[in-house]
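Here it is, the structure, as structure tokens.
The values are calculated or read from the model by the stated rules, or taken from the named source; none is laboratory data. Small disclaimer: the values here were computed from a predicted structure and weren't measured. When we count neighbours, we look across all protein chains shown, and the Cβ atoms used for this are built from the backbone with ideal geometry, even at glycine. To get the accessible areas, we keep the full protein, side chains included, count just its heavy atoms, and leave off ligands, DNA and RNA. Shrake-Rupley method; radii C 1.70, N 1.55, O 1.52, S 1.80 Å.
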Amino acid sequence: MAVRDRVRISSEPLAGERGRPGRTEKAAAVGLVLAAVATVVWSGSFVTSRALHDSVPPVQAAFWRWVVAIVAVAPFAAREAWRQRALLRRHLGFVTLAALLGVTVYNTLVNQAGLSTSAGNMGMIMAASPVLMALYERLGGARLGARRTIGMLVAGAGVLLLVSKGSTAMNFAAGDLWMLAAAVCFGSYSALLRRKPTEIGGLAFLFSTFVLGALMLLPAYVVSLMLQGGFEPTAGTVGPLVYVGVFSSAVAFFAWNKAVALIGAARAGVIYYLQPVCVALLSFALLGEATGPMQIVCMALILGGVMLGAGRGGRR
């Protein structure tokens, strides 16, 4: 066989999988399970942020989360990051901006929100972040279409009703506003990921953003220590920090990335939309937070709007 023929055959995508429906179905099932694992783990991070609100200052919680995450990811990613150090230096501006949005600012805002709002509210507000991603697509030239536009309006109404608690006076709770800012930050980070240079490996990118994000948090951490003092390292503080560092930062990202590789981002994203339900159940079981009629109505609006917004609404 000629070299040209061998190259042509080997470059055909998934040629061997087309005749093996059993393997394809198994891969899809594994992808859905991994997406569910990531969603549940991330839901738990909102509960831990709320649980730590009176024992660990928000900046200190965020800093130690990423220190733990760096230690957890380093054995798997440090070597790849070192091999690609020239690429990372070349795209240092992009990697730094991604670290600032996704590591330094976003999770600190989530911890700050946990000081004055419930974990259930945090999960529901974050569920509207795909609507922000759709807005970024529109700014980038994509046509959203009627379905996605209606979905954004419905989800936005649910978020507005939630943070205003049904009052026309618009007396927003501070924690809900912090969470809105976190959702904007996460939507911006997700939109930025679409421009990630393909030559940078996933593990190298993840590890480098963790390191840069922690370094950018360091000055704020020092200021927090000086003004607020440190926290007492007990099982009630160290345990949740290990959870968000190892599971929410390392395990969940690994599971999510693998799920997207197996079933695609759109299909995995449908599982993510179940996050408010997971957060509500976890916050009730672990924190005793009840879900009232208003929250149920808001959850229905947000989930319904996001599901509409997830559909294809136009072409570039």
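Based on this model, can you work out whether Tyr106 counts as in a helix (DSSP H, G or I), modelled with pLDDT under 80 and of a type in the set (Phe, Trp, Tyr)? Walk me through it before giving the result.
Working: in a helix (DSSP H, G or I): yes; modelled with pLDDT under 80: no; of a type in the set (Phe, Trp, Tyr): yes.
In short, no.
Right, something else. Out of the residues in region 112-144 meeting the condition of being open to solvent by 20 Å² or more (accessible area, probe 1.4 Å) and farther than 25 Å from Val297 by Cα, tell me which one is modelled with the highest pLDDT.
So the residue we want is Gln112.
A follow-up question, please. Can you confirm whether region 68-85 contains a residue that is more than 15 Å from Phe207 (Cβ to Cβ) and either open to solvent by 40 Å² or more (accessible area, probe 1.4 Å) or part of a helix (DSSP H, G or I) (or both)? Break it down stepwise before answering.
Quick first cut of region 68-85, residues more than 15 Å from Phe207 (Cβ to Cβ) only: none.
No: region 68-85 contains no residue that is more than 15 Å from Phe207 (Cβ to Cβ) and either open to solvent by 40 Å² or more (accessible area, probe 1.4 Å) or part of a helix (DSSP H, G or I) (or both).
Might you let me know whether region 244-255 holds any residue that is modelled with pLDDT under 70 and either within 24 Å of Asn121 (Cβ to Cβ) or open to solvent by 60 Å² or more (accessible area, probe 1.4 Å) (or both)? Full working, then the answer.
Going through region 244-255, the residues modelled with pLDDT under 70 turn out to be none.
No.
The rows are residues; the columns are (1) at pLDDT 90 or above; (2) among the polar types (S, T, N, Q); (3) surrounded by 12 or more Cβ atoms within 10 Å (Cβ to Cβ).
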residue: Thr198; (1), (2), (3): no, yes, no
residue: Leu203; (1), (2), (3): no, no, yes
residue: Met216; (1), (2), (3): yes, no, yes
residue: Ser224; (1), (2), (3): yes, yes, yes
residue: Gly230; (1), (2), (3): no, no, no
